[in-house]
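Below is one structure; the comments refer to it alone.
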Amino acid sequence: MANALPHVLVTGSTRGIGAAILDSLQGRARVVGHGRADATDIIGADLSDPSAAASLWAAALDRLDGRIDVLINNAGVFEPVAIDATLEDWQAGWGRTMQINLQASADLCRAAILHWRERARTGRGGGGRIVNIASRAAYRGDSPAHWHYAASKAGMVGMTKSIARGYAAEEILAFAVCPGFTMTGMAEDYLASRGGDKLLADIPLGRVADPAEVAGAAAWLALEAPASMTGAVLDINGASFVR
Ligand code: NAD
């Protein structure tokens with residue numbers, strides 16, 4: 001019965017890891033995807049706009065008959081800002097990355113928690129799950145042109161843990177995934193720009209992650225992980241950074 005399936009919103013699902021998450025959830029959930037612009041089965045919302053997360057949440061609720069059980073915050077950008085950029089450009093770069101990677105995710109988490117509280121209050125069954133796609137950079141840091149990216153992902157991890165601790169008693173669970181290099185469009189550009197082989201030498205597994213590996217972990221957290229795992233952060237990096 002379609003209605004028995006969990007209802008899931010996945011952000012940034014038009015390609016890369018997000019598209020692989022959609023594939024992983026196929027047949028196991030009723031899923032709404034999201035991208036920068038409207039497309040078939042995709043809700044368009046440019047998350048660099050501070051009002052976009054709220055309208056995305058409302059549109060997703062509408063498509064899912066008023067109920068969302070799982071939020072997967074995957075949309076993100078990895079854009080460089082040089083230290084010798086003008087202060088104006090530097091701050092604009094930081095602001096854009098923080099808005100898309102962290103603030104929009106926070107706005108969606110807030111909307112989800114308020115939604116689950118309202119459902120609990122009105123006897124429709126509360127509780128839900130959040131899966132935040134952060135990055136190895138949250139713990140290891142990133143290149144000199146990507147302080148802001150690392151900071152946005154570290155913020156995501158701190159947010160995830162705060163949500164896990166703050167709302168577990170309401171059956172609201174939160175998890176994070178920290179991928180290392182993952183062979184999507186974004187990583188291909190990065191690998192090419194850094195000389196792929198040298199970078200691979202830093203990964204004991206000898207290869208970057210496949211999007212399906214990250215997606216499988218995210219889907220498992222979204223649908224199956226035991227509640228006692230709430231607050232956990234899963235590393236998927238071929239042992240390139242072992243905590
Ligand atoms: P990608 O560039 O292939 O896809 C990014 C997705 O986010 C796309 O669907 C895009 O539409 C969406 N997006 C980007 N900017 C947006 C905006 N302004 N408004 C709305 N949507 C926007 O990226 P990916 O490699 O699949 O990465 C997915 C997530 O995984 C990101 O959060 C990224 O930081 C994280 N991550 C990726 C890697 C990697 O090596 N690929 C490593 C660690 C973490």
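Among the residues making up region 3-20, those that are in a loop (DSSP other than H, G, I, E, B), within 15 Å of the ligand (Cβ to nearest atom) and touching a residue at least 40 places away in the same chain (Cβ under 8 Å) are T11, G12, S13, R15. If the condition is being open to solvent by 30 Å² or more (accessible area, probe 1.4 Å), within 13 Å of the ligand (Cβ to nearest atom) and touching a helix residue (DSSP H, G or I) at 6+ places or on another chain (Cβ under 9 Å), then region 52-84 contributes G76, F78, E79. Can you pull out the residues in region 119-164 that are open to solvent by 40 Å² or more (accessible area, probe 1.4 Å) and among the polar types (S, T, N, Q)? Passing the criteria: T122, S162. Scan region 21-47 and report the pairs whose first residue is acidic (D, E) and whose second residue is part of a strand (DSSP E or B), with Cβ atoms within less than 9 Å and a gap of 6+ or a chain change. Filtered contacts from region 21-47: D38/G44; D41/V31; D41/V32; D41/G33. Identify the residue in region 96-115 that is of a type outside the set (A, V, I, L, M, F, W, C) and within 18 Å of A137 (Cβ to Cβ) and, among all such residues, is surrounded by the fewest Cβ atoms within 10 Å (Cβ to Cβ). Checking each candidate, the answer is R96. If you go through region 187-243 one residue at a time, how many are among the aromatic types (F, W, Y) and part of a loop (DSSP other than H, G, I, E, B)? Residues in region 187-243 being among the aromatic types (F, W, Y) and part of a loop (DSSP other than H, G, I, E, B): 1 in total.
Let's see how each residue does on (1) open to solvent by 90 Å² or more (accessible area, probe 1.4 Å); (2) closer than 29 Å to G125 by Cα; (3) out of contact with any helix residue (DSSP H, G or I) (no Cβ under 9 Å at 6 or more places or on another chain); (4) at pLDDT 95 or above:
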position: A2; (1), (2), (3), (4): no, yes, yes, no
position: P6; (1), (2), (3), (4): no, yes, no, yes
position: L9; (1), (2), (3), (4): no, yes, no, yes
position: G12; (1), (2), (3), (4): no, yes, no, yes
position: D23; (1), (2), (3), (4): yes, yes, no, yes
position: Q26; (1), (2), (3), (4): yes, yes, yes, yes
position: G33; (1), (2), (3), (4): no, yes, no, yes
position: R36; (1), (2), (3), (4): yes, no, yes, yes
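Any idea which residue in region 38-47 is nearest to V8 (Cα to Cα), counting only those that are open to solvent by less than 40 Å² (accessible area, probe 1.4 Å) and touching a helix residue (DSSP H, G or I) at 6+ places or on another chain (Cβ under 9 Å)?
Our first condition is that a residue be open to solvent by less than 40 Å² (accessible area, probe 1.4 Å); within region 38-47, this holds for 42-45, 47.
The next check asks that each one be touching a helix residue (DSSP H, G or I) at 6+ places or on another chain (Cβ under 9 Å); those that pass are 43-45, 47.
Values: I43: 13, G44: 16, A45: 17, L47: 18 Å.
Ranking the qualifying residues of region 38-47, first place goes to I43.
Looking only at residues of region 165-200 that are open to solvent by 50 Å² or more (accessible area, probe 1.4 Å) and of a type in the set (A, V, I, L, M, F, W, C), we find that the one that is modelled with the highest pLDDT is A169.
Applying the selection to region 98-135, what residues are of a type in the set (V, I, T), assigned to a helix (DSSP H, G or I) and within 16 Å of the ligand (Cβ to nearest atom)? If the condition is that a residue be of a type in the set (V, I, T), assigned to a helix (DSSP H, G or I) and within 16 Å of the ligand (Cβ to nearest atom), then I100 is the only one that fits.
The values are calculated or read from the model by the stated rules, or taken from the named source; none is laboratory data. Since we're looking at a predicted model, the values are computed, not measured. Positions of Cβ are generated from backbone atoms using ideal geometry, with glycine treated the same way; all protein chains shown enter the neighbour counts. Ligands, DNA and RNA are excluded from the accessible area calculation, which covers all protein heavy atoms including side chains. Shrake-Rupley method; radii C 1.70, N 1.55, O 1.52, S 1.80 Å.
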